[in-house]
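Values in this text are rule-based calculations from the coordinates and carry no lab data. Bear in mind that the values here come from a model prediction, so they are computed numbers and not experimental data. So basically every Cβ, Gly included, is an ideal-geometry build from the backbone, and we count neighbours across all protein chains shown.
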């Protein structure tokens, strides 16, 4: 059993590496199940068992990238990772998340099948993370849970997934503008109020 698991892991990594190469060379639109099998030197049945559908290829690719992103959030250097003030982490998370998704815009859209409206799993994780940071930042809101949900909507699909994207140079400017807007929003939310400053003085 352990040999089979090792073989399966090697095949999975081979397929993911091959997909990345194909996307770099010809773009997301040209990737097919048959083409991936041929390029990787594996049987078509292996590819279909691994991914089940064309959308499954991109979902697996995105999931692989998501694991690396979560590692940066949980254990990476601040301000995205632990060790920075909550407001700074909120800004960093939003900026990083916007760039992450828009740099993978075509992959994220291709990962959706006809039964999905968005990739919900990472949205839930974003909501939990934002809720935690909002609480630590002492944001003055009557319903912080709802605020975290609305902020999550600004970072995850479907809004970002269906933005029109242009050539890469324009995309970089587009990403920067959205990230700057996120930062302005967070800085307004976390701006000290007289009550918060008084509480800080009492604790100090």
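Does anyone have the angle between helix 144-155 and the longest principal axis of the chain? Alpha-carbon axes, 0 to 90°, nearest 10? Helix 144-155 sits roughly 40 degrees off the main axis of the chain. Take the Cα of residue 9, go 7 Å toward its beta carbon, and none of the backbone nitrogen atoms of segment 32-76 fall under 13 Å from that spot. Relative contact order of segment 1-136, taken over Cα pairs closer than 8 Å and 6 or more residues apart, is 20 percent. The mean sequence separation of alpha-carbon pairs under 8 Å and at least six residues apart, normalised by the residue count of segment 54-193, gives a relative contact order of 30 percent. Multiplying the residue separation of residue 38 and residue 173 by 0.36 nm and subtracting their alpha-carbon distance yields 44.9 nm.
How much FRET efficiency would the formula 1/(1 + (r/R0)^6) give for residue 68 and residue 191, where r is the Cβ-Cβ distance and R0 is 45 Å, rounded to 0.05? So the FRET efficiency works out to roughly 0.85. Relative to the longest principal axis of the Cα atoms of the chain, the long axis of helix 194-203 makes an angle of roughly 90 degrees. A crude spin-label estimate for the pair residue 75 and residue 146, with each label 7 Å from Cα along the Cβ direction, gives 3.9 nm.
Nearest 10 degrees is fine. How inclined is helix 120-137 to the longest principal axis of the chain, computing both from alpha carbons? The two axes meet at around 20 degrees. Per residue, the average separation of C-alpha pairs within less than 8 Å and at least 6 apart gives segment 1-52 a relative contact order of 28 percent. Note on the chain: Rg/Rh from C-alpha atoms, Kirkwood Rh, equals 1.06.
Set against the 2.2 N^0.38 Å expectation for a compact globular protein, segment 1-52 has a Cα radius of gyration ratio of 1.15. Here the extension length gained between residue 180 and residue 106 equals 24.4 nm, from 0.36 nm per residue of separation less the Cα-Cα distance.
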